[in-house]
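Novice: Attaching a single structure in structure tokens format; questions to follow.
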Amino acid sequence: MGPASVKNQLGMALAGALLLAMASPPGVFAGSWILMPLGLALLFEAAREHRGPRGLLSLYLAGALILFWVSWSLRYLFYWLPLVLAPGIGGLYWVLMAWTWRRSAARLSSRWQPWILASSWTTVEWIRAEMPQVGYPQSLAVLGFYEQPWLLGPVAVVGTVGLSLLLGLLGAGLWALLFTRGRVVVRALPALVGLGLWLGLSLWSSPIRPVGEPLTMALVQPDRPAYPDQPQYEEFSLMRPEERLRFFRPLVQSLPKVDLVVWPESFAPSVPEADLDRTCEAIASYLGAGQPTLFGASLFEQVGENSLLRRNAAFLVDAHGRYLGRHEKTRLVPLGEALPLVEQVLPRSALLGLHDWIRTTSGWPMLVGGRPQELLSLDGHRFATPICYENAFPSFFRSQTRRGAEFFVVLSFENWYRQGSELDQLLALSVFGAREVGRPILRCTDDGITAHVGPGGRIRRLGRPGSREAMLAEIQPVTGDNPALVLGAWLPWLLAILSLVPFFSRFLWKSEA
């Protein structure tokens, strides 16, 4: 491939990446989601045309651009390291997709290539989103539909991965029309099938039904100052833990009677596992709610003389401050809360030593994965409490729904994304989680987007980022199972198998290429 072709391929790759980035939440303009099929078509053509290291570099830069668009405002944890790693790793996924596509295209006739292309792209999107220890669902292309609930019907049937496949079919069909030759109907068939399935699945009737009476929640957004350039930072940093709780008490003192007062992730001081009941009662008294309360805090376990093991948790107490139950965070933020794979590889003594060293050198305590707990219960209704990063994974919502969750309450601390699109990305992930499992979701954040998302994916109530307020939301517990509880888990594996078929095509049929 000559210099001109390399230049053209780089231009197509970066143009396609830019279109996908512009369509990602919150979108650069109303209706920007319409850009996604064209962006995919350009990237698909760049993937087909790549040859040699320079061609792969074009696709690597395109993937890095998409991830950088989302993560550029990441700060506070390990300083610049996540900002470098997120786009850097993001570029590798497009290289993987291009490599798979080139191997497939060499062994398939042109009529089959768009179908395998859509399957390969969807599989790589799924791998990026659900990769153990380092999954990064932010910037999934389909998140651009989060403010269009009328387009999210298929998510309840085939899950987020299924909607990605339909979008991939549209992009692959448009690619075939623009960049290949042959009968128009044959080239357009993937897009027509994608559109037909999208419409047909949108007409499916959900079996979700209400159960019991609605519940009234108060979502508290305290907007704690975490950086020196924020108002009241110095005053707040000098307060003792109990003084900080009293500082925010006025937010709930004027509230009417509600079924639950919700505070965000890591809001309260650390709770010792050995003195759980008394500490929870003390925290409730400092908050002064006098109503059932759900709050986030670290749960620590003393190990040896000076070492602690910390787990991120959400605690439920009754109106008198009595401990009722907790959820411990299982999906930790890579590099922000845990070092990928370290907990699984290092022996306990070495893990404690590493945590102690990080805490003493950077001041940031590392966490370990939480232990499985029972679902929390409120007035006879069972619910789950995803903590921050757990909100990003459809698999978490599916597993808790299968256990009997009737609604979800997300607790999150998002002060490390003060600008950029990350806050909208996390809201979009809540929208897709609600639509996939058919459960309402409340988001209580410190300084992100506090919201009430209905089971159909419609955003019903929004808080104002950067404000200090308590918002009331009425939530209706529901029951019933969407097909996505099963298909959302198995469809990715079927697509992965389909993507690998061309590698074994020499044993199945004679190549026409």
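Novice: Using a/c under 1.5 as the rounded threshold, could you call region 210-305 rounded, prolate or oblate? The axes a ≥ b ≥ c are square roots of the C-alpha gyration tensor eigenvalues, and prolate needs a/b larger than b/c, oblate otherwise.
Specialist: Values: a/c = 2.02, a/b = 1.20, b/c = 1.68.
The shape class here is oblate.
Novice: Another question, then. Given a 1.4 Å probe and the protein chains all in place, what does the accessible area of M239 round to, in Å² to the nearest 10?
Specialist: Ignoring ligands and nucleic acids, M239 comes out at about 30 Å².
Novice: Within the chain, which is the longest segment containing none of the GluC sites (Glu not before Pro) that sit in a DSSP loop and have at most 13 other Cβ atoms within 10 Å?
Specialist: Numbers: sites that count: E305, E374, E512.
Longest stretch, sites excluded: 1-304.
Novice: Then there's this: Testing the spin-label approximation: label points 7 Å from Cα along Cα→Cβ at L92 and D356. State their distance in nm.
Specialist: Simple spin-label model gives 3.2 nm for this pair.
Novice: If packing is taken as the average number of other Cβ atoms within 10 Å across a peptide's residues, how do 202-212, 89-99, 441-451 rank, most packed first? Display every interim value, and only then the final one.
Specialist: Values: 202-212: 12.5, 89-99: 21.4, 441-451: 26.5.
Result, highest mean first: 441-451, 89-99, 202-212.
Novice: From Cα pairs below 8 angstrom and at least 6 apart in sequence, can you work out the relative contact order of the chain, rounded to a whole percent? If you can, show how the numbers build up before the last one.
Specialist: Values: 1044 pairs, mean separation 94.5, N = 513.
Taking the mean separation of contacting Cα pairs over the length of the chain, I get 18 percent.
Novice: I would also like to ask the following. Could you work out how much longer the chain between R461 and W72 gets when fully extended? Use 0.36 nm per residue separation minus the Cα distance between them, nm to one decimal. Numbers along the way, then the final one.
Specialist: Details: separation 389, 0.36 × 389 = 140.04 nm, distance 2.73 nm.
Stretched out fully, the R461 to W72 stretch lengthens by 137.3 nm.
Novice: Also, quick follow-up: Within region 263-280, what residues put their amide N at less than 16 Å from the label point 7 Å along the Cα-to-Cβ vector of R371?
Specialist: Residues 271-277 fall inside that zone.
Novice: How much of the accessible area of region 157-285, probe 1.4 Å, is carbon plus sulfur, in whole percent? Can you show the working numbers first?
Specialist: Working: 3720 of 6330 Å².
Ligands and nucleic acids excluded, carbon and sulfur give 59 percent.
Novice: If you don't mind, another one. List the trypsin sites (Lys or Arg not before Pro) in region 264-359 that DSSP assigns to loop (not H, G, I, E or B) and whose Cβ has at most 16 other Cβ atoms within 10 Å. Which are they? Working shown, then result.
Specialist: Details: sites: R278, R310, R311, R322, R326, K329, R331, R348, R359; in loops: R322, K329, R331.
Hits after loop and neighbour filter: R322.
Novice: Restricting to DSSP loop positions (anything but H, G, I, E, B) with no more than 16 other Cβ atoms inside 10 Å of their own Cβ, which chymotrypsin sites (Phe, Trp or Tyr not before Pro) remain in region 361-438? Working shown, then result.
Specialist: Details: sites: F383, Y389, F396, F397, F407, F408, F413, W416, Y417, F432; in loops: F413, W416.
In loop regions of region 361-438 (DSSP not H, G, I, E or B), there are no sparsely surrounded chymotrypsin sites (Phe, Trp or Tyr not before Pro).
Novice: With a ≥ b ≥ c taken as the square roots of the eigenvalues of the C-alpha gyration tensor of the chain, please select rounded if a/c is under 1.5 and otherwise prolate if a/b is larger than b/c or oblate if it is not?
Specialist: On the way: a/c = 2.12, a/b = 1.67, b/c = 1.27.
Prolate, because a/c is 1.5 or more and a/b exceeds b/c.
Novice: Please list, by residue number, every one of the trypsin sites (Lys or Arg not before Pro) in region 447-502 that is coil in DSSP and has at most 10 other beta-carbon atoms within 10 Å. Intermediate results must be reported in sequence, preceding the final value.
Specialist: On the way: sites: R458, R460, R461, R468; in loops: R458, R468.
Those that pass, being in a loop and sparsely packed, number zero.
Novice: Next up: Whole Å is fine, so just give me how far the alpha carbon centre of region 214-239 lies from that of region 113-157.
Specialist: Comparing the Cα centres of region 214-239 and region 113-157, I get a distance of 34 Å.
Novice: For region 413-473, build the charge dipole from Cβ charges (+1 Lys, Arg; -1 Asp, Glu) around the Cα centre, then report which of A473, W416, C444 sits farthest towards its positive end.
Specialist: Value: A473.
Novice: With the full set of protein chains in place, find how many percent of the accessible area of region 381-480 is carbon and sulfur; take the probe as 1.4 Å.
Specialist: Details: 1170 of 2570 Å².
In region 381-480, the share of accessible area belonging to carbon and sulfur is 45 percent.
Novice: Note down the nm distance, to one decimal, between modelled labels 7 Å out along Cα→Cβ at V486 and at V211.
Specialist: Taking the two extended label points, one gets 1.9 nm.
Novice: Whole-Hz ³J(HN,Hα) for each residue in region 422-436, computed from phi via Karplus 6.51 cos²θ - 1.76 cosθ + 1.60 with θ = phi - 60°, x for glycine and proline: what do you get?
Specialist: 4, 4, 5, 4, 5, 5, 4, 5, 5, 4, 5, x, 5, 5, 5
Novice: Taking the Cα centre of the chain as origin, work out the dipole magnitude from +1 charges on Lys and Arg Cβ and -1 charges on Asp and Glu Cβ, in debye rounded to 20.
Specialist: 2080
The values are calculated or read from the model by the stated rules, or taken from the named source; none is laboratory data. None of the values given here were measured: they were computed from a predicted structure. A quick note on method: Cβ atoms are made from the backbone with ideal geometry, for glycine too, and the neighbour counts reach across all protein chains shown. The area values use the complete protein model at the heavy-atom level, side chains included, leaving out ligands, DNA and RNA. Shrake-Rupley method; radii C 1.70, N 1.55, O 1.52, S 1.80 Å.
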